[in-house]
């Protein structure tokens with residue numbers, strides 16, 4: 001166990017609580033929104049894409065566990081990168097983490113809109129925002145996003161217990177879907193496994209990676225977890241594995257019960273699947289209702305949680321001098337980082353208006369992949385430089401294979417994004433460097449593990465001191481002078 | 001042999017504690033280097049902290065250095081802004097050829113001193129420092145040999161008798177010197193208990209001492225347990 005100064009909080013979270021946080025931030029949006037687009041890209045192999053994305057997430061989850069047990073401070077991946085690689089990469093990671101969450105929130109909100117649209121279809125006339133026509137899901141997403149931003153602006157309390165309930169409700173709904181579906185799925189419809197070719201798995205993996213964002217959230221509460229060296233990695237890795245299994249099995253069942261062409265591209269594919277699965281037991285409408293409810297719940301809770309996560313990153317960057325601390329100031333009455341929430345919220349609304357669901361998902365993924373890649377690099381730096389005070393309770397197995405593979409795969413997956421997202425990642429790197437040059441460089445001294453190792457941070461500075469009372473004889477004069 | 005024994009006194013100038021007058025009196029025969037160290041937090045450069053806190057740090061050091069200077073002690077002062085004061089203490093101790101390092105603390109009325117003789121290499125150096133300090137002053141001395149394996153060990157007894165003779169020849173009154181042997185199982189805790197019963201502790205650098213740490217952890221443990229000042233005599237470098 002590291003020093004006692006790391007946290008003032010009591011260690012109250014056990015393995016189950018930590019796992020719930022991990023699963024809670026992941027479960028939901030991915031499986032409720034992405035099966036349609038993923039099936040369109042890769043067919044039944046979309047299930048493989050979910051597993052592959054989960055595997056990449058597991059590698060990073062292991063690295064994040066080690067880093068979190070070494071320095072459990074608020075800020076998550078951004079913090080580890082800033083401490084390991086310094087403020088240049090810290091700027092890139094902070095902005096990436098923050099904007100990535102904003103894109104992901106926009107994606108969840110539009111996903112929510114997808115589920116709302118059929119419920120209110122026909123009631124609301126099509127609207128446009130100036131020259132921009134808005135689809136029904138976008139409109140629903142905008143309304144939902146405004147609500148989530150408002151809720152977070154007004155209070156951060158009371159979402160914790162609710163989150164637990166949501167996790168179990170979602171797992172229950174998906175579990176029921178899987179149980180009923182497993183007897184009905186027609187395996188022959190899964191052939192051919194790779195209708196779009198083997199290569200199609202990679203872009204599909206890149207698309208669905210967004211489903212796993214948030215496993216690193218567990219790291220942000222590392223200081224409150226009992227026996228973190230044991231429970232943290234188990235919760236993080238276990239969460240990813242559990243979620244990956246649920247996603248992959250649901251995907252297989254979905255394509256086993258409905259024709260791929262019928263759901264390709266649909267934002268509510270799983271509800272279409274539910275109509276068939278539950279229809280076989282005579283209650284298709286119940287199934288659609290349940291899964292629609294699940295879709296609304298999942299996208300809403302994911303969106304709600306990421307608004308707050310994004311503002312936490314603003315806070316951590318402000319604390320480290322990488323961003324103006326006034327941005328993360330706490331509202332005196334509502335006790336929330338209101339400015340940060342407004343800024344993040346504004347971006348989310350813009351993203352909803354200009355992006356469509358797949359590009360929002362990919363934008364969220366690509367920025368996080370960049371961050372996760374850097375996180376793995378940071379771990380290697382901490383280990384190799386034997387940074388002073390780096391003493392994690394948990395150490396990744398098979399070092400250096402795990403972090404190296406985690407970094408390489410994260411960066412490689414960026415290559416399978418569409419051109420606009422690759423450009424977005426590149427722009428973020430450039431933007432991070434520019435931000436460092438114009439804002440951070442003057443304010444922050446690089447004291448990262450890397451800088452220490454390069455010797456560019458002096459350990460100490462010695463100052464000459466000369467006091468003017470060398471001899472006892474002198475003292476007499478001084479005493480009289482002083483009066 | 002130590003000709004001109006030099007003592008390093010590290011002071012955390014961000015929370016300075018002035019050494020008690022009794023200790024200042026006792027240490028008068030030694031050449032003294034007062035090392036003020038000011039902590040540099042993780043996200044800052046030493047230069048930055050120096051710019052903002054140099055005056056404050058010097059002001060905190062001044063009265064402490066003044067005390068020794070007024071006593072007529074040969075005193076030097078060094079101020080560092082450091083990320084790791086242990087490393088800085090070690091460096092300054094080496095650069096200034098310090099023979100001993102003080103762990104500052106309380107000394108009560110300084111009527112008795114515990115001297116822990118541990119390893120043979122260092123023993124004469126410890127005794128010499130004791131000689132320097134106690135020639136001119138009058139606290140009682142308790143010698144303690146922590147290496148004896150069995151109570152009543154002949155080697156331990158001869159060693160303690162020899163040390164007593166050595167100090168007597170040096171000019172200390174034999175009546176001032178007593179000695180204790182530890183029992184086998186409880187050496188460290190015996191030392192800690194004895195330390196509690198004395199006003200000041202003089203010991204050799206502890207073994208095994210970590211590669212880059214001057215003091216090893218025993219003096220710190222004595223200090224933490226008793227709050228007493230501990231003077232640690234370093235090995236010949």
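We did not get these values from a lab; they are worked out from the coordinates using the rules stated. Since the model is a prediction, treat every value here as computed from it, not as a measurement. Please note: Cβ atoms are built from the backbone with ideal geometry, for glycine as well, and neighbour counts cover all protein chains shown.
Couple of notes before you dig in:
- Taking label points 7 Å from Cα along the Cα-to-Cβ direction, residue A:245 and residue B:136 give a separation of 7.9 nm.
- Computed over all pairs of different Cα atoms, the Kirkwood value for the hydrodynamic radius of segment B:52-107 is 13.0 Å.
- Over segment A:143-218: Kirkwood hydrodynamic radius from C-alpha pairwise inverse distances, Å: 16.7 Å
- Relative contact order, whole percent, for segment B:6-103 stands at 43, derived from Cα pairs under 8 Å and 6 or more residues apart.
- Helical runs assigned H by DSSP (4 residues or longer) give the protein assembly as shown a calculated mean residue ellipticity at 222 nm of -19000 deg cm²/dmol, each run adding -39500 (n - 2.57) before division by the residue total.
- Of A:63, B:77, the sequence from fewest to most neighbouring Cβ atoms within 10 angstrom is B:77, A:63.
- Spin-label pair residue A:442/residue B:86, simplified geometry with 7 Å Cα→Cβ offset, distance in nm: 3.9 nm
- Mean sequence separation of contacting Cα pairs (under 8 Å, at least six apart), scaled by the length of segment A:15-482, corresponds to a relative contact order of 34 percent.
- Estimated from the Cβ-Cβ distance and a Förster radius of 35 angstrom, the FRET efficiency linking residue A:419 and residue A:194 is about 0.90.
- D by Stokes-Einstein for segment A:227-376, Kirkwood Rh over Cα pairs, 25 °C, 0.890 mPa s: 131 µm²/s.
- Rg(Cα)/(2.2 N^0.38 Å) for segment A:37-103, N = residue count: 1.41
- Over chain B, the reciprocal of the mean inverse Cα-Cα separation, the Kirkwood hydrodynamic radius, stands at 18.3 Å.
- Shielding of B:45-53 by partner chains, average beta-carbon count, 10 Å: 3
- Chain A: projected area of the alpha-carbon convex hull, averaged over directions, in nm²: 29.3 nm²
- Rounded to 10°, Cα long-axis angle of helix A:472-482 versus longest principal axis of chain A: 80 degrees
- Computed from the C-beta positions of residue A:186 and residue A:293, the FRET efficiency with R₀ = 22 Å rounds to 0.25.
- Euclidean distance between Cα centres, segment A:242-259 to segment B:49-126, Å: 70 Å
- On the beta carbon distance between residue B:59 and residue B:3, with R0 = 35 Å, the FRET formula returns roughly 0.55.
- Using the average count of surrounding beta-carbon atoms within 10 Å as a protection proxy, the listed peptides A:192-199, A:344-351 rank, highest first, as A:344-351, A:192-199.
- Degrees separating the helix A:419-435 axis from the principal Cα axis of chain A, which is the longest one: 20 degrees
- Inter-chain Cβ neighbour average for residues B:59-70, partner chain, 10 Å: 3
- Across segment A:272-308, the residues whose backbone nitrogen lies under 16 Å from the label position 7 Å along the beta-carbon direction of residue A:154 are A:304.
- Over segment A:220-288: Rg over Rh, Cα atoms, Kirkwood Rh: 1.24
- Normalised by the number of residues in chain B, the average gap of Cα pairs under 8 Å and 6 or more apart makes the relative contact order 23 percent.
- Simple label model, 7 Å out from Cα along Cβ direction - residue B:18 to residue A:230, nm: 5.3 nm
- For segment B:41-169, fraction of C-alpha pairs farther apart than 25 Å, in %: 46 percent
- Solvent-free Debye calculation, one equal scatterer per alpha-carbon of segment B:6-103: log10 I(q)/I(0) at 0.20 Å⁻¹ equals -0.95.
- Averaging the Cα positions of each part gives two centres, and for segment A:343-385 and segment A:282-297 these lie 31 Å apart.
- Degrees between helix A:338-354 axis and first principal axis of chain A (Cα, 0 to 90, nearest 10): 40 degrees
- Legend: ranking of residues A:16, B:91 from fewest to most surrounding C-beta atoms inside 10 Å; resulting order A:16, B:91.
- Taking a ≥ b ≥ c as the square roots of the eigenvalues of the alpha-carbon gyration tensor, segment A:310-349 is classed oblate because a/c is 1.5 or more while a/b is no larger than b/c.
- Order of A:249, A:210 under a 10 Å beta carbon neighbour criterion, fewest first: A:249, A:210
- Calculated log₁₀ intensity ratio I(q)/I(0) where the Debye formula runs over C-alpha points of segment A:325-462, q = 0.11, 0.15 Å⁻¹: -0.64, -1.08
- Shape call, segment A:196-238: gyration tensor on alpha carbons, a/c limit 1.5: prolate
- Compared with the direct C-alpha span, the chain from residue A:179 to residue A:356 gains 60.5 nm at full extension, assuming 0.36 nm per residue.
- Taking each residue as 0.36 nm, the span from residue B:155 to residue B:169 lengthens on full extension beyond its C-alpha to C-alpha distance by 3.0 nm.
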